[in-house]
Structures are given as C-alpha cells and as structure tokens.
Amino acid sequence: MEADKQAYTLTNNRTQTSITLPERRPVQGDPAVDISRLYREASLLTFDPGFMSTASCESKITFIDGDAGILEYRGYPIEQLAQHGNFVETAYLLLYGELPSVSELTDFTDIITHHTMLNKSLYNFFEGFHHDAHPMAIMVGVVGSLSAFYHDSLDIKNPRHRDISAHRLIAKMPTIAAACYKHNIGQPSIFPRNDLSYCANLLHMMFATPCEDYEPDPLAVEALDTLFILHADHEQNASTSTVRLAGSSQANPFACIAAGIASLWGPAHGGANEAVLNMLEEIGDPAQLDRFIAKAKDRQDHFRLMGFGHRVYKNYDPRAAIVRELCKKVLAKLGDHNNPLFELAQRLEDIALQDDYFIERKLYPNVDFYSGIIYEALGIPKNMFTVMFAIARTVGWVSHWTEMMNDPQQRIGRPRQLYTGYARRQYQPLTER
Ligand code: ACO
C-alpha cells in the first residue's frame, strides 16, 4: 500500500467539527477514503447499503478490475492459471501467497490427499436429512458440525491450528459433497481414493458404487479442475464477506465456512448456476427468447436474466469467457455437440449484448452463465452445481479467514445503521391497545 497522497476534509455541520480523512492507495485499483476515525472524531456515520462504495478490509489475495474485466490471484492473471495451473496448486497460491515449488506442491498435495476421509460418526449426520433435502442444505449442516470433531486444532490464535483447519476443510469438502449427493440418490457413500487427483477423486466418490468402479474421463477431470480454479476466489464477495464477518467474532473456521456456504446458496450469488439452467429449460425454445428478454427488462417483473450482471464487472467476466470456450470443448467430446441449451444460452447472450437495456447497465454474462452446461455434460445434477462452487470457493474462504486472523488490525466486524423506526414511546397494557 502506497503512502497516503491526498486528504479529504469533511465537516459535520451540526457540530461544526471538521476532520481530515486520509486517502489510502492500493497497489492496483481505485483509492479509498479512510473513514475509520470519522465517528470517533466527528460523530458521523457513513451510509452505504450493499457496500456499493465500501472497502471492508485490506487484502493481498485477489485483484479485480471490473471495468477492464481483469481477475488476478496473488498477481497472476486468471487466464494463465486456468491454462497452465491446476486447482491444488492454485489453492496453495491463494493460501500461502506464492506458487509452490515442486517439493512444496508434492507436500501440499500429500497433506490434502491424506485428510480426505471423514470421521465415521459424521456419516450419521447425512442420515438425519430427508432423502430429498437439497445438497446445499446438507452441506451447510455437515460442514458446521465439523467444529465438533476437531477439538485438537480449534485454537484460532495458533497459526499451526489454523493451517490444519484450512487443510482439513479443503480436503474434506469433496468427500462431504459426494456424500450429500449419494444421500440424495439413496446410494451408499464411497470412500476417497488416495491414488486419484483432487477432481478425479471427487468424480470417483460421486459416480462409483460399491458394485462398480468409475473411471473418470480425463477431459471431465480437466474441465472440473479448470472450473474449480475459476471459482476458487473472488475477493470480498457476499459469501467471503460472510466468512470474514463470522470469523471476526473469533468463531471457529468450520462454523465460519458453514456461514459462507449458506450465503453462497442464494440465487443472486453462487446459486445462480442452478438458476441459469432452470431458466434455460423454462425458456426452452429460441422463439421464446424475445419474450424472456422483455421480462428481464420489465421493472414490474421479478424475472432477471440469471448468470447475467455483476456488482464489480462492468465488462465481460473473464471467467465467463474461459467457461464458454471450455463448454465447446467438453460438449464436443462428452456431450451433445449441438447441445440445445448451449445453443440457447449463446443466442440469449448475443441478443442481450446488443440490447440497449443491457448495454447501458453494462450487464454481461458472469462465471455462472455457462458453468451449469458443463456440469450437466459431466453428469452432475442441477442441485449439485452450487455444491461444486462451494468446494472450490472453500479455498478462497479459508485464505481470507487466514489472512484476517493474521491481520493486526483485525477486530470484530460491527456495522452501524440509520435507525428509521419509532421514536421513543410508552408501553400500553394489552387491554388498552
Ligand atoms: N437481468 C436484468 N436486469 C438486471 C440484471 C439481470 N441479471 N442484473 C442487473 N440488472 C439491472 C437491475 O435491475 C438494475 O436496473 P436499474 O438501474 O434500472 O434499476 C441495474 O441492472 C443494476 O443492477 P443491480 O441489481 O443494482 O446490481 P447489483 O450489483 O446490486 O447486483 C447481481 C448484481 C446480484 C449479480 C445482479 O446483476 C443479478 O441479480 N444477476 C442475476 C443473478 C446472477 O447471475 N448472480 C451471480 C453473480 S456472480 C456470482 O456471484 C458467482
């Protein structure tokens, strides 16, 4: 962070107190006015619903330039990581700040591989859920319950304990995700295999049965790995901010990640991948596209183009561009080359990108517009799409949680409010109301 270059003076007209607020300059991106002393010294709050103009923390993990459509993890462009890297290497990068050496990657992969098993008692939790429970509902509960299993490493002040928890979370998420799926379809859970890569192991746990092995197609493994790299982090999005806020009270990391999973589930965030496929199926016929575009533009209609728009990107989401190309590759080999939903999605994108409504509001496809079509081609059912996202984003969540816990400025997150309720009034006995 560069030294402060500029200062802003703000006066509280009611009290006639003035305060000089320094500007904070990031390495890249827009500067911020540091208002942290504003309330203490000028009795003023700032009002910013949805954090439209608020930087909630300093972070060294991920950089987004929303106008230029740039995404970088620890300084590395997402395109390069997606093309040359793999998910476990990316996880190391996000967590520790540097790309691993050969021996560091070997050791890290070994650690993750050897933490994939679940405690036997944990499987009882899955049995408690109704057979048709949404896998995200199961995942929120089961991940939160991990807090009850690892008393040996729950001292959040201890860096070694924090590291062990991060490893456990990254390693166990695929096993939990696959067990959610197996519970959903009424099959026994499949144990992890240490000879498989992270993503191959996930596909094995989802699609093998006690009666039959499953050999994942190398392209399916590659596609999943790329999707996981793209989804691994995205700076202070809703779920990551949720994890940080939960962690700011010194809650344990398993509870914090469970909170992040809950936040991710919403259709305005990670749940969009499932919602996109539902939307494409509802549209069904290209002849219906104009009608749905009109619905999306109608302020009286709640319908929105799912997988379109982003708080930060006012340009093409760089991840969506990679996913669209990946989609073509996957469908050519594993799916239907002329997949009707992919055709429909591309037609929808073409129409929207030429429409003034979307142009004026800078609404472009986001990462989730095409990801569901790939998941479907891999045989992953719709209700598991957001679970896939959660596995990948766990890396980002634990990286941010770890960064926050190491931050000497860290304190409990406690926003204020503009109170708009009743002024003080007197209690009336029940009989007089
Ligand atoms: N379809 C139609 N109109 C849209 C869409 C959309 N998908 N997204 C935004 N708009 C319009 C809004 O109605 C608003 O119009 P107005 O200025 O006339 O009122 C304008 O564009 C700005 O939108 P906001 O809702 O103010 O933008 P915000 O930053 O709050 O929301 C969000 C971003 C939630 C992603 C929104 O674009 C959306 O709901 N998209 C669809 C859901 C989606 O794909 N979510 C995944 C995001 S990526 C991720 O989390 C992994």
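The values are calculated or read from the model by the stated rules, or taken from the named source; none is laboratory data. Just so it is clear, the model here is predicted, and its values are computed rather than measured. Methodologically, a virtual Cβ is constructed for each residue, glycine included, from the backbone with ideal geometry; neighbour enumeration extends over all protein chains shown. All accessible areas refer to the heavy atoms of the entire protein, side chains included, with ligands and DNA or RNA removed. Shrake-Rupley method; radii C 1.70, N 1.55, O 1.52, S 1.80 Å.
Return the sequence-ordered ³J(HN,Hα) values of the range 121-126 in whole Hz as given by the Karplus equation 6.51 cos²θ - 1.76 cosθ + 1.60 applied to θ = phi - 60°, using x for Gly and Pro.
These are the phi-based 3J(HN,Hα) values: 5, 4, 4, 4, 4, 4 Hz.
Binning every alpha carbon pair distance of the chain at 20 Å from zero, what are the percents per bin?
The distribution over the chain is 23, 53, 21, 2, given as percents.
Roll a 1.4 angstrom probe over the protein heavy atoms and tell me the percent of accessible area of the range 278-433 that is carbon or sulfur.
Details: 4170 of 8760 Å².
Ligands and nucleic acids excluded, carbon and sulfur reach 48 percent.
If we sort 291-300, 9-18, 360-369, 170-179 on the protection proxy, mean other Cβ atoms within 10 Å, highest first, what's the order?
Numbers: 291-300: 13.7, 9-18: 10.6, 360-369: 21.1, 170-179: 25.1.
Order by mean packing, descending: 170-179, 360-369, 291-300, 9-18.
Using Cα atoms only, what is the angle between the long axis of helix 87-96 and the major principal axis of the chain, expressed in degrees (0 to 90) to the nearest 10?
For helix 87-96, the angle is close to 30 degrees.
Across the range 270-387, how many lysine pairs, 8 or more apart or on two chains, come within less than 22 Å at their alpha-carbon atoms? All intermediate terms of the calculation are to be shown ahead of the outcome.
Numbers: Lys295/Lys314; Lys295/Lys362; Lys297/Lys314; Lys297/Lys362; Lys314/Lys362; Lys328/Lys382; Lys329/Lys382; Lys333/Lys382.
Total qualifying Lys-Lys pairs in the range 270-387 comes to 8.
Hey, what's the Kirkwood Rh for the range 17-162 if you take every pair of different alpha carbons, in angstrom? Intermediate values should be presented prior to the final figure.
Details: mean 1/r = 0.0497 Å⁻¹.
Kirkwood radius, the range 17-162: 20.1 Å.
Note down the relative contact order for the chain as a percent, whole number, built from C-alpha pairs under 8 angstrom at least six residues apart. It would help to have the intermediate numbers written out before the result.
Values: 600 pairs, mean separation 80.1, N = 433.
Relative contact order of the chain: 19 percent.
Per the Kirkwood treatment, what hydrodynamic radius in Å, one decimal, follows for the range 121-175 from the mean inverse distance over all distinct Cα pairs?
Working: mean 1/r = 0.0811 Å⁻¹.
Answer for the range 121-175: a Kirkwood hydrodynamic radius of 12.3 Å.
Can you pull the percent of the range 64-137's accessible area that's carbon plus sulfur, 1.4 Å probe, other chains left in place? Please report the intermediate quantities before stating the final value.
Values: 2030 of 3870 Å².
Solvent-exposed carbon and sulfur of the range 64-137 make up 52 percent of the total.
Please report the spacing between the Cα centers of the range 67-134 and the range 368-405 in Å, no decimals.
That distance is 10 Å.
State the Kirkwood hydrodynamic radius of the range 123-232 in Å, one decimal place, computed from all pairs of distinct Cα atoms.
Values: mean 1/r = 0.0657 Å⁻¹.
With all distinct Cα pairs of the range 123-232 included, I get 15.2 Å.
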